[in-house]
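Asker: Dropping the structure in here first, questions after.
The values are calculated or read from the model by the stated rules, or taken from the named source; none is laboratory data. Computed from a prediction, not measured in an experiment: that's the story for all the values here. Please note: Cβ atoms are built from the backbone with ideal geometry, for glycine as well, and neighbour counts cover all protein chains shown.
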Amino acid sequence: MPSFKFPFKNKAGKEVRDSALYYKTLSLADNGFYPLGPSGVHCGIHYVQAMANTLSLDEGMRAIAKGEIVAYQVNRDYPTVPGTAKVPMANGSVQAPFSTGFVLTRHTLEYPAGNTLTYFCLARAFQAINQGREPCKKELELQNKFHSRLVISSLTAIIIFGMQPSLFAQETSASPTIETISADEIRPGCSVVFQHSKSSTSPRNVEIGWSCKDGTAVFFDSYEEEGSTPEITSAFTRRNKCIVVLAKWHIHSRASSFYGDIYRIFIYNHRDNRSDEPTFTRHELLGKNKVGWDGVKNGKRITFPLNSEDKINGELDKRGSKIPCD
């Protein structure tokens, strides 16, 4: 079972473990009640500044669990309804601004064993960029820049109070970095960077780069979208000269009667060239273009055994000199 998190940490910056804090916090709001509001059924929750006394709103909202962004929209300024409109709890008729900002995320859950469920969460009615705090006005970002009120759809609201997850990968239009790992073991001051492609034709591809404090920076490989966005499950360095990456793709193939994840394990040999950029030679532990299966195939549950750093290292130790990294 995956872990789940509440959208905000508590005021002390720690994970919320008791939903009672959220019920108490919601009582501080003067609008945006769930499930009933002044005008009837209201399908979400407003997070407003008054809640900053108990929740750490400044850190930005997080997704309920690890997943991927399906779609999003951000308003620079609120659109308005032409003419005037009666607004609940307001005196007289006023021009009615509204928000069309939202983020839709997709997640998977295996329950019961062998059965993968896909579910979606919708956060909507974001405050407009030009109505927010100064950091929000600089760029149209999704990376924890929405400090103001949100309305969470009824689906999200139902899930939030029942469960508790990993931070959502920092996938943004302005900063597409997914993950960075230290490569000091190979070369001091260097890191391996994973990020979504900046190309408009392949934004869901994942690129792998080498970045050092001395200014050296080079992208040396990329993983293409194969029915879904590639996900970096694990990445680590080995024996002072290799980078090992475990990547997976979620697929649903009727042709192969399979539903679940496919894995590939990449090994990169690093070589420093004194007069040029470093080079990386790629090898695949499972064999070139071969994959490991984890899911349901032909009605039977199958498990990919090399699904962690420890297990991969164990397999590399067994193979010894047959592996270029050793």
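Asker: So how many residues does region 32-50 have that are part of a loop (DSSP other than H, G, I, E, B), out of contact with any strand residue (DSSP E or B) (no Cβ under 7 Å at 6 or more places or on another chain) and of a type in the set (A, V, I, L, M, F, W, C)?
Answerer: 3
Asker: Being assigned to a loop (DSSP other than H, G, I, E, B) and either within 21 Å of the chain's Cα centre (by Cα) or not assigned by TED's automatic domain parsing to the domain that holds Pro278 (or both) is the filter here, so list the residues in region 223-254 that pass it.
Answerer: Correct list: Glu224, Glu225, Glu226, Gly227, Ser228, Thr229, Pro230.
Asker: Could you please find all residues in region 86-143 being β-branched (Val, Ile, Thr) and either at pLDDT below 55 or in a strand (DSSP E or B) (or both)?
Answerer: If the condition is that a residue be β-branched (Val, Ile, Thr) and either at pLDDT below 55 or in a strand (DSSP E or B) (or both), then Val87, Val94, Val103, Thr105, Thr108, Thr116, Thr118 are the ones that fit.
Asker: Please pick out the residue among Ala71, Ala29, Ala12 that is touching a strand residue (DSSP E or B) at 6+ places or on another chain (Cβ under 7 Å), in a loop (DSSP other than H, G, I, E, B) and among the hydrophobic types (A, V, I, L, M, F, W, C).
Answerer: Ala29
Asker: For residues in region 297-315 being assigned to a strand (DSSP E or B) and at pLDDT 90 or above, which is nearest to Ser222 (Cα to Cα)?
Answerer: Per the criteria, the residue is Ile302.
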